[in-house]
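Novice: Sharing a structure, written as C-alpha cells. Questions coming.
Since every read-out is calculated from the coordinates, none of them should be taken as a lab result. Just so it is clear, the structure is predicted and the values come from calculations on it, not from any experiment. Ideal geometry is used to build each Cβ from the backbone, glycine not excepted, and the neighbour counts take in all protein chains shown.
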Ligand SMILES: Nc1ncnc2c1ncn2[C@@H]1O[C@H](COP(=O)(O)OP(=O)(O)OP(=O)(O)O)[C@@H](O)[C@H]1O
C-alpha cells in the first residue's frame, strides 16, 4: 500500500533512522489514530527524541515509509505541515528569546515564527492565544517576559504555543523534565484535562518517568536501544516486566488513582543487611 489510511495521523512502516552507521531508532512500525493519547517511554538514548522528530516531520527516515498526517515524509515540504503539528520540546523552550512577551510567544506560532513578528495581530489571533494559555492555566502570564518565568511556567507557555494553531497532532518531548514536584503535578493535571477533552488533538508525550503519565492517556510505546519493547494499550503495555526489560533493572510498578509509580525491586535480604550494618 503506497497511501496512508486517513484515520492514521502517524503511520510508520519499518522505519529506521541511521546516522554515521549507527541506528538511532528502528526499524519499527507504529500507528497513531485520531483521539489517541500516546506516551513514549524508555531510558536515556533509547531513540525517543529521534522518533518524535520523525513524527514532527523534522527529519526523514533512512529506510522504511513514514506518513505523518497522510503526507509521505520525503515527498512533502516540511513547512507545509508545521502549523498542523504542535511541538513542545526542551530545545524550543531554550530558543525563546528571554525578552519576548508571553502572548507574543504564543501568538507567533500561527505564523510559524518564534517571538513577535507582526506589528499587530488580529482579534481572532488574540482570542485564540488567550484560549491556548487558558488551557494550560497560564493566562495570567500573558503580559510577562518569557525570561522572568519559572521553568514550569515556561513549559506551560510553550505547550500553549503548540496549541495555538489548533493542530491535529500535539508532540510533547519531556514536558515535565526539570520541574519540581509542584510544577510537575500542575503540568500533569493540565495534560490530563487536555487528554480528556474530545476536541483536543492526538497527543504523543515522551517521558523517562511513569509518574509523569497523565490520566486519560490511552497507549504506550516502550523503547530501548532504538527498538520497541512493547506497544499498544497503556494498561497492557505498561507492566513491571516491560519496564524491567527496557530499563534493565528489576522494576516494580504500582497504579494509584489512575497514576503510575515505579521503583526498583529491593533485593531479598537487602533490608536486613542494611539494618544490621556492615
Ligand atoms: N546525529 C546523530 N549522530 C549520531 N548519533 C546520534 C545523533 N543524534 C542522536 N544520536 C544518538 O542516538 C541515540 C538516540 O538519541 P535520542 O536523542 O533519540 O534518544 P532519547 O531516547 O531521546 O534520549 P534521552 O532520553 O537521553 O533524551 C543516542 O545514543 C544519541 O547519542
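Novice: How would you order 61-68, 228-235 from highest to lowest mean count of nearby Cβ atoms within 10 Å?
Specialist: Ranked by mean Cβ neighbours within 10 Å, highest first: 61-68, 228-235.
Novice: Provide the percentage of antiparallel DSSP beta bridges, counting only those with both residues in the chain; round to the nearest 5.
Specialist: Roughly 60 percent of the DSSP beta bridges within the chain come out antiparallel.
Novice: To continue, here is another question. What order do you get for 175-183, 4-12 when each peptide is scored by the mean count of other beta carbon atoms within 10 Å, highest first?
Specialist: 4-12, 175-183
Novice: Something else now. Along the Cα→Cβ direction, 7 angstrom out, place labels at residue 63 and residue 33. What is the inter-label distance in nm?
Specialist: A separation of 3.0 nm, rounded to one decimal place.
Novice: Then there is this: Take 261, 247 and order them by how many other Cβ atoms sit within 10 Å, fewest up front.
Specialist: Ascending number of Cβ neighbours within 10 Å: 261, 247.
Novice: A follow-up question, please. So for the pair residue 181, residue 75, with labels modelled 7 Å out along Cα→Cβ, what separation do we get in nm?
Specialist: 5.2 nm
Novice: Would you mind classifying the chain by shape? Square roots of the alpha carbon gyration tensor eigenvalues, ordered a ≥ b ≥ c; an a/c under 1.5 is rounded, otherwise it is prolate if a/b is larger than b/c and oblate if not.
Specialist: oblate
Novice: Let me ask something additional. Based on the mean of other Cβ atoms within 10 Å per residue, sort peptides 97-107, 158-168, 133-143 so the most packed one is first.
Specialist: Descending packing order for the listed peptides: 158-168, 97-107, 133-143.
Novice: Which of rounded, prolate, oblate describes segment 1-100, given a ≥ b ≥ c as roots of the alpha-carbon gyration tensor eigenvalues and a/c under 1.5 marking rounded, otherwise prolate only if a/b is larger than b/c?
Specialist: Taking the square roots of the gyration eigenvalues as a ≥ b ≥ c, segment 1-100 is oblate.
Novice: Sum -39500 (n - 2.57) across every DSSP H segment of at least 4 residues in the chain, then divide by the residue count to get the 222 nm mean residue ellipticity, nearest 500.
Specialist: -8500 deg cm²/dmol
Novice: Please report, in Å, the Rg and the Dmax of segment 28-177, where both are computed over Cα atoms only.
Specialist: 15.8, 46
Novice: Using all Cα-Cα distances in segment 1-54, what percent lands in each 5 angstrom bin from 0 up to the longest?
Specialist: Percent of Cα pairs in each bin: 5, 17, 25, 25, 16, 9, 4, 0.
Novice: Round to a whole angstrom and tell me the spacing of the C-alpha centers of segment 7-79 and segment 119-138.
Specialist: 30 Å
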